[in-house]
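*Asks:* Before anything else, here's the structure in question.
The values are calculated or read from the model by the stated rules, or taken from the named source; none is laboratory data. Note that the structure is a prediction, hence the values are computed from the model and not measured. Don't worry about glycine lacking a Cβ; one is built from the backbone with ideal geometry, like all the others, and counts go over all protein chains shown.
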Amino acid sequence: MPQLLIVDDELDVREYLKNYFKRRKMEVLTAESGERALEVLQGQKPDLMLLDVRMTGIDGIETLRRIRASGNSLPVIMVTGVEDKEALDALKPLHIEACIHKPLILEELEKEVLQRLTKK
């Protein structure tokens with residue numbers, strides 16, 4: 001069963017996506033912050049991560065920088081609520097799979113997730 005890590009500081013977004021992907025036969029882990037995501041990755045090896053760009057504490061870009069600096073090449077789909085060219089440019093060297101914009105269109109997100117999981 002594929003394992004997905006959802007990192008978003010909004011509880012309703014985390015729970016909604018968790019339930020959506022669980023119904024699609026995925027094991028879902030969640031983290032409410034970049035710091036918590038880094039802790040989860042110490043003990044888990046998810047197949048894919050959905051990572052919000054803007055969060056309180058360390059943001060998604062810094063979280064991803066730390067993940068990559070540790071040598072982890074986990075596939076990541078970034079999720080953003082704003083069109084921020086600077087943020088998107090900062091992501092390019094961090095090897096993301098895709099960037100999805102909020103409000104989320106679940107069919108589009110599911111397609112991106114399934115496409116990445118079947119590449120494994």
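*Asks:* Residues in region 12-30: is at least one more than 19 Å from Glu110 (Cβ to Cβ) and modelled with pLDDT of 95 or more? Break it down stepwise before answering.
*Replies:* So in region 12-30, the residues more than 19 Å from Glu110 (Cβ to Cβ) come out as none.
So far as region 12-30 goes, no, none of its residues is more than 19 Å from Glu110 (Cβ to Cβ) and modelled with pLDDT of 95 or more.
*Asks:* Turning to a different aspect of this structure: For residues that are over 19 Å from Arg14 (Cβ atoms) and touching an Asp or Glu at 6+ places or on another chain (Cβ under 8 Å), tally how many sit in region 76-97.
*Replies:* Here the count works out to 1.
*Asks:* So, of the residues in region 94-119 that are in contact with a strand residue (DSSP E or B) (Cβ under 9 Å, 6 or more places away or on another chain) and in a loop (DSSP other than H, G, I, E, B), which turns out to be surrounded by the fewest Cβ atoms within 10 Å (Cβ to Cβ)?
*Replies:* Only one residue tops the list, namely His95.
*Asks:* Being under 13 Å from the mean Cα position of the chain (by Cα) and among the hydrophobic types (A, V, I, L, M, F, W, C), is that true of even one residue in region 63-70?
*Replies:* For region 63-70, residues under 13 Å from the mean Cα position of the chain (by Cα) and among the hydrophobic types (A, V, I, L, M, F, W, C): present.
*Asks:* If I go through region 56-88 residue by residue, how many of them are more than 24 Å from Pro2 (Cβ to Cβ) and among the aliphatic types (A, V, I, L, M)?
*Replies:* If we filter region 56-88 for residues that are more than 24 Å from Pro2 (Cβ to Cβ), which is where we start, we get 56-59, 61-62, 65, 69, 81-88.
Right, trim to among the aliphatic types (A, V, I, L, M) and you get 58, 61, 69, 82, 87-88.
Qualifying residue count, region 56-88: 6.
*Asks:* Of everything in region 1-24, what is part of a loop (DSSP other than H, G, I, E, B), in contact with a helix residue (DSSP H, G or I) (Cβ under 7 Å, 6 or more places away or on another chain) and under 15 Å from Met78 (Cβ atoms)? Give them in sequence order.
*Replies:* Listed by number, the list holds a single entry, Asp8.
*Asks:* Follow-up question, since we're still on this one. Which of the residues spanning region 16-31 are in contact (Cβ under 8 Å) with a residue 12 or more places away in the chain and within 13 Å of Leu50 (Cβ to Cβ)?
*Replies:* Step one: filter region 16-31 for residues in contact (Cβ under 8 Å) with a residue 12 or more places away in the chain, giving 17-18, 20-21, 24-31.
Within region 16-31, Leu17, Lys18, Tyr20, Phe21, Met26, Val28, Leu29, Thr30, Ala31 meet the criteria.
*Asks:* Quick one: in region 38-60, of everything that is crowded, with 19+ Cβ neighbours inside 10 Å and closer than 19 Å to Glu112 by Cβ, which residue is farthest from the chain's Cα centre (by Cα)?
*Replies:* Pro46
*Asks:* Any idea which of Val40, Val79 is β-branched (Val, Ile, Thr) and in contact (Cβ under 8 Å) with a residue 40 or more places away in the chain? Lay out the reasoning, then the answer.
*Replies:* On the way: Val40 fails: in contact (Cβ under 8 Å) with a residue 40 or more places away in the chain.
On inspection, the qualifying residue turns out to be Val79.
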